[in-house]
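Below: the structure, in structure tokens.
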Amino acid sequence: MGIVLKQSFRNTVLTFIGFAFGAVNTLFLYTNILEPDYYGLVTFILATGAILMPLFAFGSHNTLVKFYSAQNESAKNAFLTLVLISPLLVLIPAAGLTWFFYDIIADFLSRKNEIVINYVWHLFLVGFALAYFEVFYAYSKVHLKSVFGNFMKEVFGRICITILLVLLYYEIISLNVFLKAIVGVYLLRTLIMKLYAYSIRRLNLDFNFPKETKVILQYGMLMVLGGSVALVLIEIDKFMINQLVSIDNVAYYGVAVYIATVISVPNRAMNQITYPMTASYLNTGNHFELEHLYKKTSLTSFIASGLLLVLIVVNIEDLYTLIPKAYTNGFVIVFIIGMAKVFDSFLGNINAILYYSKYYKTVLWFGVCLALLTILLNLWLIPIYGIEGAALASFISILVFNLIKMVFVKLKFGIVPYSAATLKVFLLLFFLGFLFWQLTFNFHPIIAIGAKSILIITTYLGILYRFKISEDVSALLNKILKRKV
């Protein structure tokens with residue numbers, strides 16, 4: 001776990017820095033500089049681009065991680081060439097269809113909110129940039145170089161948007177330029193990621209594709225479904241809110257979801273390095289290390305994500321005093337989505353186990369059914385409960401999908417993510433949440449949030465360390481305290 005802990009720690013730090021910039025943008029700059037309609041428009045553009053990403057990538061980023069370690073050195077250039085050009089099989093036809101059917105697409109997207117009508121190409125270009133960014137990021141991850149890519153993914157774009165929002169506030173740029181510049185940031189980020197990936201391993205184009213090309217492309221096509229399912233479960237609610245209610249609700253919902261999304265930061269950071277390791281263990285049939293990694297990632301992710309949920313819940317009232325009132329009615333959304341994120345984190349590297357194993361086809365079809373369920377739940381619940389209905393739809397879908405995945409891994413691999421330590425962490429989190437929910441400080445909100453958070457973190461880590469509940473946490477604290485195990 002040495003390389004996992006080392007790079008996961010660095011990735012976690014970078015991801016938290018990115019989320020700090022994102023929090024400033026989401027909670028303070030966007031909410032005070034843009035009208036809710038235009039903030040909703042930005043959220044809609046980015047969410048729709050994310051939904052398009054798996055389709056445009058043609059599963060290439062997953063294909064690269066799964067098959068790269070199985071290629072001999074002489075075949076790697078041909079394999080990488082195949083992976084890098086395969087997204088064009090989708091992108092070129094998609095660009096043509098967008099060009100010829102622009103008016104039809106624009107009319108459909110702007111049926112409820114006319115403001116969307118002029119931004120169809122924004123959606124396409126963001127989807128294109130996200131797709132190739134993930135391909136080049138995977139290119140670096142298979143060489144166990146994830147930190148720079150994580151910086152570009154989590155920090156670079158958010159810093160750029162902070163700068164753009166400040167320029168917009170001082171009227172140095174217009175709103176129209178701002179919206180175009182956001183697309184430009186995503187394209188620039190992809191270009192930089194490409195240059196970095198090629199600096200790790202220079203690519204010599206080789207069109208003598210591997211003999212298993214058909215299998216590789218078939219896997220990529222199925223990963224389109226897999227990636228789409230994952231993004232549908234995460235992003236479809238924002239898209240459907242635009243289709244069913246006024247677009248300002250996308251902004252209100254987006255703020256609440258962003259607060260809850262912080263919970264997934266440690267798991268996202270850890271996945272950057274554990275995914276290629278999982279693929280390697282599966283390729284080599286190393287069942288012992290696979291189970292060890294599954295349990296370790298589950299416990300470590302649960303410890304971190306559970307702590308973040310407690311911190312958010314006990315501090316949210318103070319946080320809401322710092323942002324415009326229109327955005328402060330989202331506690332139910334934050335809690336519901338937060339619980340879903342904790343469950344996601346609790347399952348550790350389960351997605352890698354499933355998608356890089358021989359059972360990926362079955363799991364993908366499970367996912368397709370759950371994606372359809374998510375869409376139906378949104379269609380049912382949003383008209384009744386508004387944005388809280390969207391949160392509830394996402395929670396139900398994620399809960400059902402994760403339970404299916406966990407049971408499937410138990411049946412096929414005979415392994416589970418939980419242990420006695422999991423129950424100890426759960427009880428500790430429940431105790432801290434109940435205790436500090438009752439505690440209030442009559443200070444400035446920022447001071448109150450800081451003081452309460454320090455008390456919770458210190459108590460939490462102290463108990464984990466004293467009773468040696470997690471080897472990884474103990475090892476990290478030992479390193480920080482410069483003590484020998």
- Message: With N set to the number of residues, divide the alpha-carbon radius of gyration of the chain by 2.2 N^0.38 Å and report two decimals.
- Response: 0.96
- Item | Over the stretch 28-182, equivalent-ellipsoid semi-axes from the Cα gyration tensor in Å | 33, 21, 10
- Message: What does the charge count around Ala326 come to, taking other residues whose C-beta lies under 14 Å from its C-beta (Lys +1, Arg +1, Asp -1, Glu -1)?
- Response: -2
- Message: Using a 10 angstrom Cβ neighbour count of at most 15 plus a DSSP loop assignment to flag exposed trypsin sites (Lys or Arg not before Pro), which longest range of the chain is free of such sites?
- Response: 212-357
- Note on the structure: Over 23 Å (Cα to Cα) among Lys295/Lys424; Lys341/Lys405; Lys194/Lys361 -> Lys194/Lys361
- Query: What does the accessible area per residue of the chain come to in Å², with a 1.4 Å probe and no ligands, DNA or RNA counted?
  - Reply: 44
- How big is the charge dipole of the chain about its Cα centre, in debye rounded to the nearest 20, if each Lys and Arg gets +1 on its Cβ and each Asp and Glu gets -1 on its Cβ? 1880
- May I have the extent of the alpha carbons of the stretch 179-289 along their three principal axes, as whole Å values ordered from largest to smallest? 51, 39, 28
- Kirkwood Rh and Cα Rg combined as Rg/Rh, the stretch 251-385: 1.06
- Which whole DSSP H helices in the chain pass both tests: a Cα extent of 24 Å or more along the axis and a mean Kyte-Doolittle value no lower than 0.5? 2-23, 36-57, 120-141, 175-200, 213-244, 287-320, 360-385, 387-413, 420-437, 445-466
- Query: What percentage of the solvent-accessible surface of the chain, computed with a 1.4 Å probe over protein heavy atoms, is contributed by carbon and sulfur atoms?
  - Reply: 68
- In whole percent, the Cα-Cα distances of the stretch 340-485 spread across 10 Å bins from 0 upward as 9, 25, 26, 27, 11, 1
- Query: To the nearest 20 debye, what charge dipole does the stretch 141-257 have about its Cα centre, counting +1 at the Cβ of each Lys and Arg and -1 at the Cβ of each Asp and Glu?
  - Reply: 620
- Among Leu165, Tyr196, Ala181, whose Cα sits farthest toward the positive end of the charge dipole of the stretch 159-224 (+1 at Cβ of Lys/Arg, -1 at Cβ of Asp/Glu, about the Cα centre)? Tyr196
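The values are calculated or read from the model by the stated rules, or taken from the named source; none is laboratory data. In this text, all values refer to a predicted model and were calculated from it rather than measured experimentally. Counting neighbours? That spans all protein chains shown, and the Cβs are built from the backbone with ideal geometry, glycine included. Accessible surface is based on the protein model in full, side chains and every heavy atom, while ligands, DNA and RNA are left aside. Shrake-Rupley method; radii C 1.70, N 1.55, O 1.52, S 1.80 Å.
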